[in-house]
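Since every read-out is calculated from the coordinates, none of them should be taken as a lab result. What you are looking at is a predicted structure, and each value in this text was computed from that prediction instead of being measured. We place every Cβ from the backbone using ideal geometry, glycine too, and count neighbours over all the protein chains shown.
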Amino acid sequence: MIRALVVLLLPIAAHADTLRVATYNTELSREGPGLLLRDIQRGDPQVQAVVDVLTMTRPDIVALQGIDWDLDGLALSALQKTLEVAGLSYPHSFAEQPNSGIETSFDLDGDGKTGGPGDAQGWGRFTGQSGLAVLSRYPIAVDQVRSYSTMLWQDLPGATLPVVQGTPFPSAQAQAIQRLSSTAHWVVPIDTPAGRLDLMTFHASPPVFDGPEDRNGLRNRDEIHLWSLLLDGKLGTMPSERFIIAGDANQDPDRGEGRKEAIKGLLAHPLLQDPSPTNSEGVSTTVHWKGVGEMRVDYTLPSADWQVLDSGVYWPALPARAIVEAASRHRLVWVDLLDD
């Protein structure tokens, strides 16, 4: 009954030439390798709810976070096939190994032990847990993707790494191999009918779950600041095409913990525009965490040269809302763009 009614609730693109770009933290992560593929193949209810959210909103391009990566791309391919059966075809995709779950031999989280999920380059119980993926109706120039995922944190211009009593935390040796990206930072070129678009996507570390050294808070700030540095020409080649930042910053500009200067600076950057999307109730929050509440942490930020026709946080009226809640704690955030 619910799925029979959702067609009436779609945020339909406003113009035939509109390009809809979205970001969505699907929370399609499991406790071990191969389990996501298993769940997709057997029609797991949460997987089906994520599929339903995507078919309700129908983005042309979507950046996905929280989706487990595997070497052969089996889970992502299975998700594409499931979406196609549901009537939403994404013939083009991109995903590469994220930093999450990449083991190191160092104590990176400062708990005095090695070999735990916090000692990976990005928190993870196994290689590829909670990675990124891009799905697109239009061709992706895979051979031209730029990845900043292997950049060392200490090599980011202006980086601030944690220090305790004047000593690098957890150690100078750990900081010497610590990458900045907890998941990944990609610039993904996509050839759309409106021309080439650079999709800039990431999933930053949550600025919590640490101690007074504020390791995660500092890392979150610098992961977000990477994009401002790139746009300012201080981190290699600036985007030469129209672009959009679409990802999970794990940071609200006003609420919750963390250092706010990077996200506020990014939202105010002159090369970007913030459509300030809201849900059906006029609220800008994109996630609801129990015990923490609602926050805006997921963003679709087009370059200033796009004409924004519409934007939103997908939060439909009942009964479709039940599907959204079953899918993820995060909401899909979309923007409709027109070649100006």
Treating only Lys and Arg (+1) and Asp and Glu (-1) as charged, each at its beta carbon, one finds that the chain has a dipole about its Cα centre, in Debye to the nearest 20, of 400 debye
Amide H proximity to residue 297 below 5 Å, modelled H, separation 5+ or other chain, gives 286, 287
Taking only Cα atoms of the range 210-340, the Rg to Rh ratio with Kirkwood Rh works out at 0.99
The long-range amide H neighbours of residue 315, using H built 1.01 Å from N in the peptide plane and a cut-off of under 5 Å, are 280
Karplus ³J(HN,Hα) for the range 126-140 (6.51 cos²θ - 1.76 cosθ + 1.60, θ = phi - 60°; Hz, whole; x = Gly/Pro) runs 8, 4, x, 5, 6, x, 10, 7, 10, 10, 8, 6, 10, x, 9
Restricting to Cα pairs under 8 Å and 6 or more apart, the percent relative contact order of the chain works out to 19 percent
Proxy exposure order for 93, 328, 100 (fewest C-beta within 10 Å first) is 93, 328, 100
Mean Cβ-within-10 Å packing, highest first, puts peptides 206-219, 158-171, 264-277 in the order 206-219, 264-277, 158-171
Projected onto the charge dipole of the chain (unit charges on the beta-carbon of Lys, Arg, Asp and Glu, signs +1, +1, -1, -1), the Cα from 134, 314, 122 with the largest positive-side position is that of 314
Per the C-alpha gyration tensor (a ≥ b ≥ c, the square roots of its eigenvalues), the range 220-278 is rounded if a/c is under 1.5, else prolate if a/b beats b/c, else oblate; here it's oblate
To the nearest 20 debye, the range 41-114 has a Cα-centred charge dipole, built from +1 on Lys and Arg Cβ and -1 on Asp and Glu Cβ, of 360 debye
Calc'd 3J(HN,Hα), the range 204-212, phi into Karplus 6.51 cos²θ - 1.76 cosθ + 1.60 (θ = phi - 60°), Hz, glycine/Pro = x, comes to 7, 5, x, x, 9, 6, 9, x, x
Long-range amide H partners of residue 185, meaning residues 5 or more apart or on another chain whose placed amide H is closer than 5 Å, are 148, 149
Taking a ≥ b ≥ c as the square roots of the Cα gyration tensor eigenvalues, with a/c under 1.5 meaning rounded and otherwise prolate when a/b beats b/c or oblate if not, the range 47-139 comes out prolate
Here the range 20-25 yields Karplus 3J(HN,Hα) values (6.51, -1.76, 1.60; θ = phi - 60°; whole Hz; Gly and Pro given as x) of 9, 10, 9, 10, 7, 7
With the dipole of the range 84-238 defined by +1 on each Lys or Arg Cβ and -1 on each Asp or Glu Cβ, the option from 154, 169, 231 whose Cα lies farthest towards the positive pole is 231
